[in-house]
Amino acid sequence: MIAASFLIKNAISALLLPPGIHIALGVLSLVLWRRRSALARALLAFNLATMYALSTPLISHALIATLEPPPITPAALAQTDAIVCLGGGTVFGALQTPDERDVNATSAERVRYTARLARATGKPVALSGGAAFGETVSEAELMARVLRQDYGITPVWTETRALDTADNATFLAQQMLPRYRRIALVSSAWHLARAQLVFRRAGFEVTLAPTSYQNQRPFSALQLLPAPDGLSTSYWALHEYLGMLWYRR
């Protein structure tokens, strides 16, 4: 069964972020059209303008670039006690696996980078990610399977209860602190600004180890055209800013 808190948080974010917010504003424009036509037209124009802007690679990449920290340095990595990798999602119906479950592309990138850091340093690895949809295999267990089978590395900690980033920090703190306080935190570059807030609050000393940077292409007129991946990139950037506001409340 899906946790109620997980459903509520995701429903709220779906309504506050694109494309959900654009659908909601479009419906509101229709409701207001007869009685408040001037307001409805202004709202519709604003809705279309923001949807266009957020759909362009120029705006979406500029938004997400503000969240991305610089890469970790060898010197900074050497000062950490352990490497922590956060899950980024899973795939259902993965027919290539016996249980039809696998990590998605985001999690796979994070695991690959974690393996690279672990091989370079020999430091212990922690994986975190629960079973958000009530499935029998958690995200962390799927990540551990990839880490072992594809990279020959066995994680020391496999945290399987977390349903969000705050859970990742809370439950790993219970397993790792106080001995493993200084961590290299691996996640997508755009996710780490928010993740470090809750991990520091949980008692960790955090060194950011970003991966999955978004492509920053040289400017061209094509970047002014709306694109599906542009809206997706804007969604994740705004999702992170909304999350940081929530965590700082």
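The values are calculated or read from the model by the stated rules, or taken from the named source; none is laboratory data. Quantities reported herein were computed from a predicted structural model and do not represent experimental measurements. FYI the Cβ positions are ideal-geometry reconstructions off the backbone, even for glycines, and counts take in every protein chain you see. These accessible areas exclude ligands, DNA and RNA; they are computed on the full protein's heavy atoms, side chains included. Shrake-Rupley method; radii C 1.70, N 1.55, O 1.52, S 1.80 Å.
The table below lists the values:
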| item | result |
| --- | --- |
| LEU43 being assigned to a helix (DSSP H, G or I) and either under 30 Å from GLN216 (Cα atoms) or at pLDDT below 95 (or both) | no |
| Residues located in region 205-227, provided they are in a helix (DSSP H, G or I) and in contact (Cβ under 8 Å) with a residue 24 or more places away in the chain | LEU222, GLN223, LEU224 |
| LEU25 being open to solvent by less than 80 Å² (accessible area, probe 1.4 Å), assigned to a helix (DSSP H, G or I), in contact with a Gly (Cβ under 8 Å, 6 or more places away or on another chain) and over 30 Å from ALA184 (Cβ atoms) | no |
| Residue count for region 80-123, restricted to those that are open to solvent by 10 Å² or more (accessible area, probe 1.4 Å), not acidic (Asp, Glu) and not in a helix (DSSP H, G or I) | 16 |
| Odd one out for LEU163, checked against (1) assigned to a helix (DSSP H, G or I); (2) open to solvent by 20 Å² or more (accessible area, probe 1.4 Å) | (1) |
| Every pair of residues 6+ apart whose Cβ atoms lie under 7 Å, when the first sits in region 157-185 and is at positive phi and aliphatic (A, V, I, L, M) while the second is open to solvent by 30 Å² or more (accessible area, probe 1.4 Å) and at pLDDT 95 or above | none |
| Neighbours by Cβ (under 6 Å, 6+ apart or cross-chain): first from region 18-35, over 30 Å from GLU240 (Cβ atoms); second open to solvent by 70 Å² or more (accessible area, probe 1.4 Å) and assigned to a helix (DSSP H, G or I) | LEU32/LEU39 |
